[in-house]
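Below you'll find the structure, written out as structure tokens, and then a few comments.
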Amino acid sequence: MAVSFILALLVEGSVFSFFMLKKALPDIYLVMVVSLGFILDERRGAAIGLCAGLLQDIIFSSALGFFALAKMILGYGAGLLGREFYREQLLAPTLLVFAATLLHEFLLYFLVSRLMNLGFPVEWSLSRLFIPKAFYNMALTLLIYPLFFRLYYRRKGPRDALQRRGEAIR
């Protein structure tokens, strides 16, 4: 998992800058946090979100804690919702990433605009940054979530897969 976060940091900081649409860049870390929180549970989702957000704060931000707080909250929420939906289907995590991206951006907008007195008007940010970023992240989810899902359940073994299927039938 640590290797995937380091690779994501390198890709997000270099390759994705070529795919910028209306100043919006995809957030691989957010997609990874929400996907892993959805697959695992709320405690591990919050811990992964906190660690990923702190790393993002250290590398990309001038203030420490904004990304960490937002990603920790979303990792926790994704873990809670992961209990309620079938993890095998791709629709729930994809829609969850869309909603989580909007919530993440509104949280960051609120924190930055209120605590640091910076920011653009919310209408401009919503149409030019938040919504394009949410669609980018949805597209990334179609690639990242199945990979994490397969890796996690391959590691868990066939006994756990049978137990998971039995729980789904009940």
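The values are calculated or read from the model by the stated rules, or taken from the named source; none is laboratory data. Quick caveat, the model's predicted, so the values are computed rather than measured. When we count neighbours, we look across all protein chains shown, and the Cβ atoms used for this are built from the backbone with ideal geometry, even at glycine.
The residue that is modelled with the highest pLDDT, counting only those in the stretch 110-138 that are over 18 Å from residue 70 (Cα atoms), surrounded by fewer than 16 Cβ atoms within 10 Å (Cβ to Cβ) and in contact with a helix residue (DSSP H, G or I) (Cβ under 9 Å, 6 or more places away or on another chain), is 135. In summary, residue 98 fulfils each of the numbered conditions (1) under 16 Å from residue 152 (Cα atoms); (2) modelled with pLDDT of 95 or more with the single exception of condition (1).
The helices (runs of 4 or more DSSP H) falling completely within the stretch 23-93 that include 2 or more residues that are touching a residue at least 40 places away in the same chain (Cβ under 8 Å) and surrounded by fewer than 17 Cβ atoms within 10 Å (Cβ to Cβ) map to 42-60.
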